[in-house]
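As structure tokens, the structure follows; a few thoughts come after it.
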Amino acid sequence: MVDKTAKPPRGPGQAPDDPRLWPFAAAQFAMDACFWWLERAPEKQGDSSLPWTTPSRVALELATMRLRDCSQTRSGQPALVCAPYALHRALIADFAPGHSVVQSLQNGGIDRVYLTDWRSATPDMRYLSIDSYLSDLNVAIDEIGAPVDLVGLCQGGWLSLLYAARFPAKVRRVVLVGAPVDLSIESSLSRLARNAPELVYDQLVARGGGNVSGEEMLRFWSKAPDHDAIVAALQRDLSDEQGTELLARFDHWNAETLNLPGTYYLEIVNAIFRKNRIAEGSFVALGRPIDLKDVRAPIFLLAGLDDDVVPATQALATAGLVGTPPAFIAAASEPSNHLGLFMGARTHAHAWPRIAGWLRSDLPGVLARSA
């Protein structure tokens, strides 16, 4: 459960409720609190004690992740779900029956599903960069067998898009769900990233011994998601017995945070969220400048109409950045907040079956264009 007794000083720029903002909001809080907590020692973190919803096996043990194989068969087109690596564990993609991206894809006929289970950063991981995560993603995809379908959730979306631009022959289709790419479009995420001086982020990394501590970001969070926010995320009544169990599971998931490598975190803050280099075409990935026009694979964009973390206008604007012909871009929006796109029962009943169907469909011209 979230410790609601520890409350830092509050003031202007108070953080929004959504946990996807916490890595950035924590830096703002650090500045507001004048780093009064700098004498505290970071805590160690172990593996999650929550069970996975979908049976899986660990296909690869890499420095940045465990590649989870949730496949039901050994043949067929593979889909790799790229979970967000921002604060919480990859269980966001496999939360509970009826609230699981992995399960919804399987129910929609995608028999080979894989998941990036990102590791919490240890001291020896502090210098890992975005390139480190792209490199391991490349190893994972080679292990699965290219080309794959990439399903990027939130910040797993821009990572998937970078990969698709860097290795276009290895990606068949791309699904981006609530993915921030063009940060010139105003959002609570982009505002939080811009508002604090760069020194604040450097201090946050220094405080964690080279990493950003998920435990401390959560401990000093001034307003944890309340009951109504969790109801909105899960999109169901939580007053019955099953709802009580889901609420307890959400609280447990919410409390189990990941540490982030300091180098990786500062790259995201400065290059992506402050300077918007992916959208502007000046981001360098694995030695090459990334041009999103090199992404020509079919793309499906899913946005939340009530998403204040990645507003629908921002999530859908990616269509204008890529080289995919408009005829091969599908887009949908749901009456959902940010977490509801990945965990919401209504979204899983309506949007995810459509995504699975799109992944299984025949798209005229795809083979000719990739030849």
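The values are calculated or read from the model by the stated rules, or taken from the named source; none is laboratory data. Note that the coordinates shown come from a computational prediction; the quantities given were computed from them, not determined experimentally. Methodologically, a virtual Cβ is constructed for each residue, glycine included, from the backbone with ideal geometry; neighbour enumeration extends over all protein chains shown. Just so you know, the surface numbers come from the protein's heavy atoms only, side chains and all, with ligands and any DNA or RNA stripped out. Shrake-Rupley method; radii C 1.70, N 1.55, O 1.52, S 1.80 Å.
For the stretch 142-164, filtered to residues that are more than 26 Å from Val269 (Cα to Cα) and of a type in the set (A, V, I, L, M), the residue that is surrounded by the fewest Cβ atoms within 10 Å (Cβ to Cβ) is Ala146. Just one of the numbered conditions (1) assigned to a loop (DSSP other than H, G, I, E, B); (2) in contact with a helix residue (DSSP H, G or I) (Cβ under 6 Å, 6 or more places away or on another chain) is not true of Arg296; which one? Result: Arg296 fails condition (2) only.
For first residues located in the stretch 117-143 and closer than 18 Å to Ala79 by Cβ and in contact (Cβ under 8 Å) with a residue 60 or more places away in the chain, partners that are among the basic types (Lys, Arg) and crowded, with 17+ Cβ neighbours inside 10 Å and lie 6+ apart or on another chain with Cβ distances below 6 Å form the pairs Ile141/Lys170. Residue pairs whose Cβ atoms lie under 8 Å apart, separated by 6 or more positions or on different chains, with the first residue in the stretch 325-353 and in contact (Cβ under 8 Å) with a residue 24 or more places away in the chain and the second among the acidic types (Asp, Glu) and surrounded by fewer than 17 Cβ atoms within 10 Å (Cβ to Cβ), are Pro335/Asp306; Ser336/Asp306; Asn337/Asp306; Asn337/Asp308; His338/Asp308; Gly340/Asp306. Does Phe328 meet the test of being farther than 30 Å from Leu199 by Cβ, among the aromatic types (Phe, Trp, Tyr) and open to solvent by 30 Å² or more (accessible area, probe 1.4 Å)? Criteria met by Phe328.
Yes or no: the stretch 165-181 includes at least one residue that is in contact (Cβ under 8 Å) with a residue 24 or more places away in the chain, closer than 29 Å to Gly340 by Cβ and of a type in the set (Phe, Trp, Tyr). No, because not a single residue in the stretch 165-181 is in contact (Cβ under 8 Å) with a residue 24 or more places away in the chain, closer than 29 Å to Gly340 by Cβ and of a type in the set (Phe, Trp, Tyr). None of Asp362, Asp308 is farther than 19 Å from Gln155 by Cα, of a type in the set (D, E, K, R) and outside any helix (DSSP H, G or I) except Asp362.
Residues in the stretch 115-141 that are open to solvent by 10 Å² or more (accessible area, probe 1.4 Å) and of a type in the set (Ser, Thr, Tyr) were compared, and the one that is farthest from Ala169 (Cα to Cα) is Thr122. The test for being of a type in the set (S, T, N, Q), open to solvent by less than 60 Å² (accessible area, probe 1.4 Å), modelled with pLDDT of 95 or more and touching a Lys or Arg at 6+ places or on another chain (Cβ under 6 Å) does not hold for Thr263. If you go through the stretch 311-325 and keep only what is touching a helix residue (DSSP H, G or I) at 6+ places or on another chain (Cβ under 6 Å) and exposed (fewer than 15 other Cβ atoms within 10 Å of the Cβ), you end up with just Gly323.
Among the residues making up the stretch 286-310, those that are among the small types (Gly, Ala, Ser) and surrounded by 16 or more Cβ atoms within 10 Å (Cβ to Cβ) are Ala297, Ala303, Gly304.
Can you find a residue in the stretch 278-285 that is buried (at least 18 other Cβ atoms within 10 Å of the Cβ), part of a helix (DSSP H, G or I) and touching a residue at least 12 places away in the same chain (Cβ under 8 Å)? Yes - at least one qualifying residue is present in the stretch 278-285. When the stretch 244-270 is examined, which residues are found to be in contact (Cβ under 8 Å) with a residue 60 or more places away in the chain and either among the aliphatic types (A, V, I, L, M) or assigned to a loop (DSSP other than H, G, I, E, B) (or both)? Listed by number, the residues that qualify are Leu246, Ala255, Glu256, Leu258, Asn259, Leu260, Leu266, Ile268, Val269. For Leu159, the conditions (1) part of a helix (DSSP H, G or I); (2) under 29 Å from Gly243 (Cβ atoms); (3) not hydroxyl-bearing (Ser, Thr, Tyr) all hold with the exception of (2).
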